[in-house]
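Taking it in order: structure first as structure tokens, then the write-up.
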Amino acid sequence: MQKGMIVYQSKYGATEKYAKWLREMTNFHCVEASKAAAAEVEQCETVVLCGGVYASGIAGLSFVKKNINKLKNKKLAIFCVGASPYDDSALAEIKEHNLTGDLRDIPLFYGRGAWNESKMKFMDRTMCKMLQKSVAKKDPSTYEPWMKALMCAAGQNCDWTDKKYLVPLLNYLNS
């Protein structure tokens, strides 16, 4: 039986970067969600999904949902990646929105990703611009952490990825 497997879905590269760092730190097999096979999952003791957060949804979560019966007796964790700084309440909302039913008890971890509008697909860039315009109408003193980050990142190329975000996940995996 394999020790572990990392399944990831990355749109712009930050999640893939975390998945590869995690592979280096754990020696787990690492595979894109679209190429992951259920038979591989069955051969592992531990499975980690790494997925970007887009419009409050976790990319790649459909793999976990589809294979939840094969994952029930495994150590399972989800590491999500977003452009916003870490915020307990925002992470709780992501968990409440995504981890329902059989997924409710899966531990969720967070790493800050990157922001590069020039790499964004047209629809993503357009949605971000619309969101920025909406947030700009608010009083900056009332901004939530994600709103501050969104407004500061506008027009910038930012990479906040850092191995330190993997430490809580590694501690869980080693417990």
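Readers should treat all values here as calculations from the given coordinates under stated rules, not as data from a laboratory. Note that the structure is predicted; figures quoted are calculated from it, not measured. Every residue, glycine among them, receives a Cβ derived from its backbone with ideal geometry; neighbour counts consider all protein chains shown.
Only Cα pairs under 8 Å and at least 6 apart count here; give the relative contact order of the chain as a rounded whole percent.
So the answer I get is 21 percent.
Under a 5 Å amide H to amide H cut-off, with H placed in plane at 1.01 Å, what residues pair with Y8 once short-range neighbours are removed?
Amide H to amide H, under 5 Å and 5 or more residues apart or across chains, Y8 pairs with V31, E32, A33, C50.
What's the angle, to the nearest 10 degrees (0 to 90), between helix 14-26's Cα axis and the longest principal axis of the chain?
The two axes meet at around 30 degrees.
Can you bin region 23-175 into rounded, prolate or oblate? Criterion: square roots of the alpha carbon gyration tensor eigenvalues sorted a ≥ b ≥ c, rounded for a/c under 1.5, prolate for a/b above b/c, oblate for the rest.
prolate
Identify, among H97, A36, M123, the residue whose Cα sits farthest towards the positive end of the charge dipole of the chain, taking +1 on the Cβ of Lys and Arg and -1 on the Cβ of Asp and Glu, with the dipole about the Cα centre.
M123
Tell me, what HN-Hα J-couplings in whole Hz come from the Karplus equation 6.51 cos²θ - 1.76 cosθ + 1.60 at θ = phi - 60° for each residue of region 42-58, using x for Gly and Pro?
Karplus values, whole Hz, x for Gly and Pro: 5, 8, 10, 7, 10, 10, 10, 9, 10, x, x, 9, 10, 6, 6, x, 9.
Restricting to region 1-81, compute how many DSSP beta bridges are antiparallel as a %, nearest 5.
Approximately 10 percent, going by the DSSP bridge assignments.
Quick one: angle between helix 122-136 and the longest Cα principal axis of the chain, in degrees between 0 and 90, rounded to 10, please.
50
List residues of region 77-115, by number, whose backbone nitrogen lies under 19 Å from a label position 7 Å along Cα→C-beta of D162.
The answer is 79-91, 109-115.
Report, in whole Å, the centroid distance computed from the Cα atoms of region 44-109 and region 115-175.
18
Output the pairs from K20/K121; K133/K163; K70/K119; K3/K65 with a Cα-Cα distance over 30 Å in this structure; if there are none, say none.
K133/K163; K70/K119
Lys and Arg at +1, Asp and Glu at -1: add these up for the other residues within a Cβ distance under 9 Å of N157 and post the number.
Summing Lys/Arg as +1 and Asp/Glu as -1 gives -1.
Once you charge only the Cβ atoms, +1 for Lys and Arg and -1 for Asp and Glu, what is the size of the charge dipole of the chain about its Cα centre, to the nearest 20 debye?
With Lys and Arg at +1 and Asp and Glu at -1, about 320 debye.
Percent antiparallel among DSSP beta bridges with both residues in the chain, to the nearest 5?
20
Which far-off residues, 5 or more places away or on another chain, put their amide H under 5 Å from the one on C80, with H placed in the peptide plane?
Those lying under 5 Å, H to H, from C80 are G51, F109, Y110, G111.
Taking each pair of distinct Cα atoms in region 116-157 once, what is the resulting Kirkwood hydrodynamic radius in Å?
10.7
Any idea how far apart K133 and E117 come out in nm if each label point goes 7 Å out from Cα toward Cβ?
Once both label points are built, they end up 1.3 nm from each other.
What number, rounded to the nearest 500 deg cm²/dmol, is the helix-based mean residue ellipticity at 222 nm of the chain, given -39500 (n - 2.57) per DSSP H run of at least four residues and division by all its residues?
Rounded to the nearest 500, it is -11000 deg cm²/dmol.
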